[in-house]
Amino acid sequence: MAKLNSGGAATTAGVDYQQRVSSWFLVQMLLEFDISNILNIQNNTIAKEILFESDTPIDDITIKCSNEIQIYSQIKRSLSLSENRNSEFYSVIKQFVKEYSKSIFSTGSNNDLYLLTTSSEASNKIKREIKKILESIRANDTNYS
């Protein structure tokens, strides 16, 4: 009897989740649906082009929008909050910072958005606590600059 490698199963589940999220964005683009309310961002954000596995540090999905915004998305089916340098969370944050820094260095400004998409399998700290912190920063970013 063959033994299922849990690493392979986890990878397959992650790829499946990434494909589902990607499909959702593709449908929104084809319908020319304003995704701003769902993503809690500025109005009139309509996807015009979607890139998969691009050559940017944040490579899962890049969404180019009608309002000149680019949304860089990392898609993780499950994720735990960890400051360990070898953790997946640390890697995601490092990729966000690297892309943001690259943009600031080359253009002097940055209107891009960085999206971490997770499923219900992510830890509660990711789903609730990080969300609260980021919403607080969005509401009053001058205290965090």
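The values are calculated or read from the model by the stated rules, or taken from the named source; none is laboratory data. These numbers were taken from a predicted model, which means no experiment stands behind them. All Cβ positions, glycine included, derive from the backbone under ideal geometry; neighbour counts span all protein chains shown. Side chains included, ligands, DNA and RNA excluded: accessible areas come from the protein's heavy atoms. Shrake-Rupley method; radii C 1.70, N 1.55, O 1.52, S 1.80 Å.
Computed with the Debye formula from one identical point scatterer per Cα of the chain, without solvent, the log10 of I(q)/I(0) at q = 0.16 Å⁻¹ comes to -0.99.
Between the residues 84, 101, 36, the greatest Cα displacement towards the positive end of the dipole of region 1-123, with unit charges on the Cβ of Lys, Arg, Asp and Glu, is found for 84.
Per residue, the solvent-accessible area of the chain (1.4 Å probe, heavy atoms of protein chains only, all protein chains present) comes to 68 Å².
In the chain, helical runs assigned H by DSSP with n ≥ 4 each contribute -39500 (n - 2.57); averaged across all residues and rounded to the nearest 500, the mean residue ellipticity at 222 nm is -13000 deg cm²/dmol.
Solvent-accessible surface (1.4 Å probe) assigned to residue 34 amounts to roughly 50 Å². Straight-line reach from residue 48: taking Cα to Cα under 20 Å and skipping same-chain neighbours fewer than 8 places apart, the lysines in range are 64. Roughly speaking, to the nearest percent, how much of region 17-145's 1.4 Å accessible area is carbon and sulfur? After summing per-atom areas, the C and S share lands at 49 percent. Under the convention that each Lys and Arg Cβ holds +1 and each Asp and Glu Cβ holds -1, the size of the dipole of region 21-145 around its Cα centre is about 440 debye.
The order of the peptides 106-117, 54-65 by mean Cβ neighbours within 10 Å, most packed first, is 54-65, 106-117.
The packing ranking of peptides 71-82, 40-51, highest mean first, is 71-82, 40-51, where packing means the average number of other beta carbon atoms within 10 angstrom of each residue.
Remind me, relative contact order of the chain in percent, using alpha carbon pairs under 8 angstrom and six or more residues apart?
17 percent
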